[in-house]
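J.: What follows is a structure written as structure tokens; I'll ask about it next.
The values are calculated or read from the model by the stated rules, or taken from the named source; none is laboratory data. The model shown is predicted, which means the values in this text are computed figures rather than measured ones. Quick reminder, even Gly has a Cβ in these numbers, built from the backbone with ideal geometry, and neighbours come from all protein chains shown. The protein model used for the area step is the full one, side chains on, heavy atoms only, and it has no ligands, DNA or RNA in it. Shrake-Rupley method; radii C 1.70, N 1.55, O 1.52, S 1.80 Å.
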Amino acid sequence: MARIVISEFMDERAVAWLAQQHDVVMDPQLVDQPERLREAVSQCKALIVRNRTQVDSALLAAAPHLKVVGRLGVGLDNIALDECARRGIEVKPAQGGNADSVAEYVVTGALMLRRRAYASTEAMLQGQWPRQALMGCEVKGAVLGLVGLGVIARATARLAMGLGMQVQAYDPHVPASDPVWQTIDRCDTLNDLLGRADVLSLHVPLVDQTRHLLDRERLFCMKPQSVLINAARGGVVDEAALAEALTSGHLAGAMLDVFEQEPLAAGSVLEGAPNLILTPHIAGVTEESNQRISQMTAENVAIMLTSEEVS
């Protein structure tokens, strides 16, 4: 029986399904214990991870029998893809499994940041009544700008259009002939989108070309009093520049689920920035999506192991 190591949390039903067929070791503490993790993978044929486990050259060298890496999600910047390819290791993300969860997160952020009415609890309990200060804006008629137009961005667009938002996008990898442009306005350049969007949402992977894609210059190119939502990858945004854009009042707010360094350390450059909502890389994790991506990943891994045994 193939030995499968799971280094981060996974839905128990999917783990039990795998355990009916294979020898499974699940220990979410392994992600924070590199030496134990390297020891655990020394005999395994499959490794299942989320975004925190660094599947780098050192870990791969410790796993000479590894055949497949199952990713509980879609981002692959924590996995050394070139090294996996060189070693003949398949990498299987759970494509589409958390699209609805992230889409709902983004649209919720748009509603909260535009309306500005949901941060008044402390003031209210102190006897204040800040009605005029909290008078915000509707999302109906506002422009949602999508940087990247993959599966999650398209799910976000559908929800936003249901609320009456206008959706525009920039993605040079989606050809002008794609039918998606029949319902979403296509921007020729990123700066075009930045200047039009009332709500800007990021949907790009973290690669060399997208690191600090939103640097100080581009953040200050955004439409004044617009808001930013990042549930993609933290390194896409220059956090110090974002804090400046919020503090100066150029941006009306931001919602971040991802950060350049995770977990976010105390004393971050974001500390003290106004109108900022922070969440711990949870946009794509709901009860429902956890079940979907866990079962999807379990099946992806099982199929690969079965095909490897047959061959």
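J.: On alpha-carbon atoms, Rg over Rh for the stretch 138-262 using Kirkwood Rh? Before the final figure, lay out each step's value.
T.: Working: Rg = 13.6 Å, Rh = 14.5 Å.
Ratio of gyration radius to Kirkwood radius for the stretch 138-262: 0.94.
J.: Taking the Cα centre of each part, how many Å lie between the stretch 114-136 and the stretch 167-232?
T.: So the separation of the two Cα centres works out to 31 Å.
J.: Still on this structure: Rolling a 1.4 Å sphere over the protein heavy atoms, what is the accessible area per residue of the chain, to the nearest Å²?
T.: Values: 15450 Å² over 311 residues.
I get 50 Å² per residue for this part.
J.: Could you order R115, R131 by accessible surface area, starting with the largest, using a probe radius of 1.4 Å? Mind showing how you got there, number by number?
T.: Details: R115 125, R131 185 Å².
If we order R115, R131 from most to least accessible, we get R131, R115.
J.: Report relative contact order for the chain in percent, whole number only (criteria: Cα-Cα under 8 Å, sequence separation at least 6). Can you show the working numbers first?
T.: On the way: 581 pairs, mean separation 54.2, N = 311.
Contact order relative to length: 17 percent.
J.: Hey, what do the phi angles of the stretch 279-284 turn into as Karplus ³J(HN,Hα) couplings, whole Hz, using 6.51/-1.76/1.60 and θ = phi - 60°, x for Gly and Pro?
T.: Karplus values, whole Hz, x for Gly and Pro: 9, x, 6, 10, 4, x.
J.: Could the peptides 226-238, 292-304, 275-287 be put in order, highest first, of the mean number of other beta-carbon atoms found within 10 Å of their residues? Mind dumping the intermediate values first?
T.: Working: 226-238: 23.8, 292-304: 22.2, 275-287: 17.1.
Those peptides, ordered most packed to least, come out 226-238, 292-304, 275-287.
J.: Rounding to the nearest 10 and keeping the result within 0 to 90°, find how far the Cα-based axis of helix 287-310 lies from the longest principal axis of the chain.
T.: Orientation of helix 287-310: about 30 degrees from the principal axis.
J.: Please list, in chain and number order, the residues 5+ apart from I48 or on another chain whose amide H is under 5 Å from its amide H, with Hs placed from the backbone.
T.: V5, I6, S7, G70
J.: Here's something else I'd like to know. Under 1.5 on a/c is rounded, so check that first for the stretch 126-184, then, if it is not, pick prolate when a/b is larger than b/c and oblate when it is not; a ≥ b ≥ c are the square roots of the alpha carbon gyration tensor eigenvalues.
T.: Values: a/c = 3.63, a/b = 3.02, b/c = 1.20.
Prolate.
J.: Can you list which of the trypsin sites (Lys or Arg not before Pro) found in the stretch 140-201 are DSSP loop residues with at most 12 other C-beta atoms within 10 Å?
T.: Numbers: sites: K140, R154, R158, R186, R196; in loops: K140.
Qualifying residues, ordered by number: K140.
J.: Evaluate the Kirkwood expression for the hydrodynamic radius of the chain, namely the inverse of the mean inverse distance over all pairs of different C-alpha atoms, and round to one decimal in Å.
T.: This gives a value of 20.9 Å.
J.: At 1.4 Å probe size, with the rest of the protein present, what percent of the exposed accessible area of the chain is carbon and sulfur atoms? Spell out each step's value before the answer.
T.: Numbers: 7780 of 15450 Å².
That fraction is 50 percent.
J.: Please say if the stretch 1-61 is rounded, prolate or oblate, where rounded means a/c under 1.5 for a ≥ b ≥ c the square roots of the C-alpha gyration tensor eigenvalues, and otherwise the choice is prolate for a/b larger than b/c and oblate otherwise? Before the final figure, lay out the partial values.
T.: Values: a/c = 2.19, a/b = 1.42, b/c = 1.54.
In terms of gyration-tensor shape, oblate.
J.: On to the next question. With everything on Cα atoms, drop me the angle between helix 99-115 and the longest principal axis of the chain, reported from 0 to 90° to the nearest 10.
T.: For helix 99-115, the angle is close to 20 degrees.
J.: Which angle between 0 and 90 degrees, to the nearest 10, do you get for helix 151-162 versus the longest principal axis of the chain when only C-alpha atoms count?
T.: That helix lies at roughly 30 degrees to the long axis.
J.: Related question: If the cut-off is a Cα-Cα distance under 29 Å, which lysines reach K223, setting aside same-chain residues fewer than 8 apart in sequence?
T.: List returned: K140.
J.: What is the projected area of the convex hull of the Cα atoms of the stretch 230-285, averaged over all directions, in nm²?
T.: On the way: hull surface 14.2 nm².
About 3.5 nm², averaged over all directions.
J.: For the stretch 1-80, what relative contact order do you get, as a whole percent, if you take Cα pairs closer than 8 Å and at least 6 residues apart?
T.: Working: 139 pairs, mean separation 25.6, N = 80.
Averaging sequence separation for qualifying contacts and normalising by length gives 32 percent for the stretch 1-80.
J.: Separation of the stretch 259-307 and the stretch 69-105 by C-alpha centroid, Å?
T.: Cα centroid of the stretch 259-307 versus Cα centroid of the stretch 69-105: 12 Å apart.
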